[in-house]
Amino acid sequence: MAKIVLNKSHYFHNLKIISEHVGSKEKVAVVLKDNAYGHGLLEIAKLANEFGIENAVVRTIEEAKKIEPFFRQILILADNNLNTYSHSFHIVINTLEDIQRLPENTNVHLKVDTGMHRNGISIETLEEAILGIYKKKLNLTGILTHYRSADELSCDFFWQRSVFKQVKSETKIICEKLFLPIPKFHSANSSGLFRFKNFDEDLVRVGIAQYGYLETNIIFSNPKLKPVMSLWANKIATRTIKKNQKVGYGGTYLAKNDMKISTYDLGYGDGFLRLNGTQKYTTPKGYEILGRVSMDNISINSDDDEVCIFDDVKELAKLQNTITYEITTTLNPNIPKEIR
Ligand SMILES: *Cc1c(COP(=O)(O)O)cnc(C)c1O
């Protein structure tokens with residue numbers, strides 16, 4: 001099978017840039033949902049822990065359980081079927097109904113919709129929600145929101161930020177009335193983070209930037225992050241084909257000369273999105289993927305035993321008309337990982 005190599009020094013480089021931007025490691029929450037964007041949940045959790053990161057964000061309780069030993073706090077974005085209890089788990093409340101579903105003493109972060117209109121309670125119900133949390137005896141440990149266009153050149157980001165500022169001051173007033181401690185506030189994802197000049201929140205939820213990418217408009221001066229993942233494929237067979245012979249499904253690749261080609265053990269079944277034979281993709285070493293990607297095979301004009309398919313997915317994302325997130329996240333979780 002193919003394999004994923006994780007570059008530890010690149011990962012630590014990115015975490016250092018992120019921690020320095022927010023002022024301390026304690027404020028960084030690494031987002032590890034969806035198998036750490038395809039990088040491997042456990043592998044990345046262990047590395048983040050070794051670097052000194054104390055907070056993580058996942059989607060489900062199952063994910064949280066797997067990484068529990070490595071973090072002081074784990075934020076769970078969208079799962080309130082609480083069948084295990086851990087002091088380190090904090091559940092995100094997305095609707096007023098969520099409050100009723102959770103058992104007493106659960107740590108909760110309340111999500112407020114400041115304009116994305118995807119998840120979170122509306123601002124008009126902030127007081128009702130906090131009062132509900134108080135009556136249900138849940139521990140309100142955080143208040144969060146999410147930006148719809150932190151990565152774009154528009155005023156939406158500033159507008160949502162000012163709405164969240166209002167949420168913060170209202171929350172403080174409500175909590176003081178109820179004698180509740182002031183919760184932690186957080187709003188920024190990767191692209192939002194680098195639009196703060198002086199980061200003044202309690203936590204940043206950083207996903208894609210820790211893995212070495214930012215989809216932010218290049219007009220913003222972005223830090224030099226280094227891609228963490230490289231994907232490698234192993235040779236299955238080598239053959240020599242003659243001029244004018246065709247390769248693969250549909251015969252979309254036509255040999256212009258006699259040439260040596262090999263088949264490698266990677267395909268769209270491994271989550272390497274299918275190239276349909278019209279896109280020209282070259283590997284970092286300059287080899288070409290010939291014709292269509294099959295379910296478990298690709299053909300390459302190489303006879304190396306092992307070929308690095310990518311060590312940076314930006315070009316491939318462009319070629320596939322998608323974003324870097326999708327290229328790494330769709331990779332099959334069963335692909336073995338190696339840390340170097
Ligand atoms: C996925 C996610 C993030 C991380 O976003 P990036 O753009 O990858 O940094 C942050 N917050 C929430 C609520 C998310 O769902």
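All of the numbers you see were taken from the coordinates with simple rules; none came from a lab. Computed from a predicted model, the values in this text were never measured in an experiment. Note that each Cβ is placed from the backbone with ideal geometry, even for glycine, and that neighbours are counted across all protein chains shown.
For ASP265 paired with GLN166, estimate the spin-label separation in nm (one decimal), with each label point 7 Å from Cα along the Cα-to-Cβ line.
Here the answer is 5.8 nm between the modelled labels.
Amide H neighbours of ILE309 under 5 Å, at least 5 residues apart or on other chains, H built in the peptide plane: list them.
Sorted by chain and number, the residues that satisfy this are LEU231, TRP232, ALA233.
With point charges of +1 on the Cβ of Lys and Arg and -1 on the Cβ of Asp and Glu, referenced to the Cα centre of the chain, which listed residue (TRP159, TRP232, GLY115) lies farthest in the positive direction of the dipole?
TRP232
If r is the Cβ-Cβ distance from GLU124 to LYS242 and R0 is 56 Å, what FRET efficiency results, to the nearest 0.05?
0.20
For region 30-35, just list the computed ³J(HN,Hα) in residue order, Karplus coefficients 6.51, -1.76 and 1.60, θ = phi - 60°, integers in Hz, with x standing in for Gly and Pro.
7, 8, 10, 4, 6, 6
Note the count of lysine pairs whose C-alpha atoms are less than 16 angstrom apart in region 18-150, limited to pairs 8 or more residues apart or on different chains.
Taking the Cα cut-off of 16 Å, the pair count is 6.
Along the charge dipole of region 8-211, Cβ charges K/R +1 and D/E -1, which of VAL30, GLY52, LEU131 sits furthest on the positive end?
Checking the options against the dipole of region 8-211, the answer is GLY52.
Under a point-charge model restricted to the Cβ atoms of Lys and Arg (+1) and Asp and Glu (-1), what is the dipole moment magnitude of region 229-339 relative to its Cα centre, in debye to the nearest 20?
My answer is approximately 620 debye.
Placing unit charges on C-beta atoms (Lys and Arg positive, Asp and Glu negative, everything else neutral), compute the dipole magnitude of the chain about its Cα centre in debye, rounded to 20.
580 debye
Take the Cα of MET1, step 7 Å along the line toward its Cβ, and report every residue of region 17-50 whose backbone nitrogen sits under 19 Å from that point.
Counting only backbone N, you get 34-45.
Treat each spin label as a single point 7 Å out from the Cα along the C-beta direction, and report the LEU254 to ASN334 distance in nm.
Between LEU254 and ASN334, the label points sit 3.8 nm apart.
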